[in-house]
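> I have a structure I would like to understand better, so I am pasting it below and will then ask my questions one at a time.
The values are calculated or read from the model by the stated rules, or taken from the named source; none is laboratory data. Note that the coordinates shown come from a computational prediction; the quantities given were computed from them, not determined experimentally. Positions of Cβ are backbone-derived with ideal geometry, glycine not excepted, and every protein chain shown enters the neighbour counts. Side chains are part of the model used for accessible areas, which takes the heavy atoms of the whole protein and leaves out ligands, DNA and RNA. Shrake-Rupley method; radii C 1.70, N 1.55, O 1.52, S 1.80 Å.
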Amino acid sequence: MRVAAAALAMLLLLTQRAWAVEVSATAAVLMDCGTGRILYEKNADRRMLIASTTKILTALVVLEDCGMQQEVNVTGRHMAEGSSMYLKIGEKVTVESLLYGLMLSSGNDAALALAEACGGEARCVRRMNDLAEEIGMDGSHFENPNGLDGEAHYSTARDMAKLAAFAAENPTFMRICSTISAQTGGRSLKNHNRLLRELEGCVGMKTGYTKAAGRTLVSCVERDGRTLVAVTLQDGNDWADHAALYAYGFEGNGGVETAFFPNNKRKL
């Protein structure tokens, strides 16, 4: 009996080691959307810059507040530094086209134009913070719709996983962020998210980068009837890290706590 027990203990230890996972990110979370269970975490509650992964929240606010065929008159106020869908002053662009520009091309100009469609940037940002609170993102605050660095613009890996799980329930959002390429508004747009082409079951979400934030990535994968979301912040090896996290989540034996749904004021 002692020999059998020792053998079983060794087998369990070897299994746990075989499925141990570590990532290069400063902060990371892997979450099961169906249960809210955290399968992996690293510095999950550290407040950090999140760059263009901000645009997940921007898109959700727009989808609640605006019509897809609503038009925006592009002005100089919508021009912005960084990534762009190359809007031209004077043109009229639908909210739908702007959402593709936001989520595929990560257009900072698209974010500002969409904010105006929501009643102006100040109102849009208020709505973003209100929605974040409803979702249960207690460690987050937003001050712009595009994710450019700001002292009052931050989130955590855990909060971004909550946001991703919430976003995964919105079919219009998922249709847009899972699109690899699109022809819209006279533009050809290509999704920056390589995982859509390289990782089995990937159905979105959003990349991000600034010099201060480093590389940020939120992704969502569906396999065998399960949906998982992964978040990495400040991660120079994010593509490989997300692949490793999903291998662990779908095939390993992770799970440390249930942390999402009890605090979510929104029904998924």
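The rows are residues; the columns are (1) surrounded by fewer than 16 Cβ atoms within 10 Å (Cβ to Cβ); (2) at pLDDT 95 or above; (3) not in a helix (DSSP H, G or I).
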position	(1), (2), (3)
E22	yes, no, yes
L30	no, yes, yes
E41	no, yes, yes
D45	yes, yes, yes
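> Identify, please: which residue in region 193-216 is over 22 Å from M31 (Cβ atoms) and more than 13 Å from the chain's Cα centre (by Cα) and is, among those, most open to solvent (accessible area, probe 1.4 Å)?
K211
> Checking M68 against (1) open to solvent by 30 Å² or more (accessible area, probe 1.4 Å); (2) out of contact with any Ser or Thr (no Cβ under 8 Å at 6 or more places or on another chain); (3) farther than 16 Å from T210 by Cβ; (4) in contact (Cβ under 8 Å) with a residue 12 or more places away in the chain: exactly one of these is not met. Which one?
Result: M68 fails condition (2) only.
> Find the residue count for region 166-218, including only residues that are out of contact with any His (no Cβ under 9 Å at 6 or more places or on another chain), of a type in the set (V, I, T) and assigned to a strand (DSSP E or B).
Here the count works out to 5.
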